[in-house]
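First up is the structure itself, then whatever we jot down about it.
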Amino acid sequence: YLVETGTKSPGSWMTASIDAAFASNAAVSVTIPMMDYVTSGRAGTIDSPASPTNTWFRPNSTAHQLGAVNFLKNRYASAIAAGKKLFFGLDNEPGIWHEMHPLDHPAHPTYAELAQKTKAYAKMIKSALPEAVVFGGVTYGYSEMKNLQGAPDARNPNGTWDYVEFLLAAIRQAELEAGRRVVDVFDMHWYPETRADGYRICEEGGRANELGYTNPSENL
């Protein structure tokens, strides 16, 4: 990992986008990390796994992320009172943590782990800010939605939408425990598997490049 730091004030990477969105009567989704570790913010190259003694990382928990939620809650109190909404995404495509963030989370995520984290972080956000709009699941594609690409504790490795059904049931249980809705939107990302001219159409190369598309997944 290459980590770069700057001189901007804490939280400015969030507030700049939110300010612009609110000015246009829109909203942005702030990602709430759910992995057990986040980077410490030091500049440089990280080449060793996260651990309690690795100073490149910091432990992460609902208590840590509550600070971010409260920061935005307080900063935008008047906007929230006027009906503006803060959107929060429960991480981003956690089904491939072990591939995208191998130093933070080298193990294949499990049904149990993501259900527990989804419930805990969603409850935390809604307890602090009931008006928040929480996006859960945040899946990367079909294999995750089917069985978390063969997770060790998949209930039905061959079942269609087995993981989605499991996670929705866990969210429902969290709602019963909390006495309120805790996830407002089940967020499913979709990257087409269709191939043409030897290329997957949402990847660089082939006909997409010939047509001048710099981001084929948004144009085909």
Taking just the C-alpha trace of region 94-136, give me its Rg and Dmax in Å. 12.6, 35
At 0.36 nm per residue, minus the direct Cα-Cα distance, what do T194 and S12 gain on full extension? Give it in nm, one decimal, please. 61.6 nm
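Rank K85, K117, K123 by accessible area, highest first, at a 1.4 Å probe radius?
K85, K123, K117
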If you take every DSSP beta bridge fully contained in the chain, what fraction is antiparallel? Give it as a percent rounded to 5. 40 percent
Kirkwood hydrodynamic radius of region 68-132 from all distinct Cα pairs, in Å? 13.5 Å
Could you name the aspartates and glutamates whose alpha carbon sits less than 18 Å from that of K84, not counting residues in the same chain fewer than 8 places away? D19, E131, D184
Euclidean distance of C-alpha centroids, region 16-84 and region 108-186, integer Å: 20 Å
Taking only DSSP H segments of four or more residues, each worth -39500 (n - 2.57), what value at 222 nm results for the chain once the sum is divided by all its residues, to the nearest 500 deg cm²/dmol? -11000 deg cm²/dmol
So what does F135 come to for accessible area, using a 1.4 Å probe and Å² rounded to 10? 40 Å²
Compactness of the chain, expressed as Rg and Dmax over alpha-carbon positions, Å: 19.0, 54
When the accessible area of region 1-149 is computed with all protein chains present and a 1.4 Å probe, what percentage of it is carbon and sulfur? 57 percent
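The values are calculated or read from the model by the stated rules, or taken from the named source; none is laboratory data. Remember, it's a predicted structure, so these values are computed and weren't measured experimentally. Surface accessibility is based on the protein's heavy atoms, side chains included, excluding ligands, DNA and RNA. Shrake-Rupley method; radii C 1.70, N 1.55, O 1.52, S 1.80 Å.
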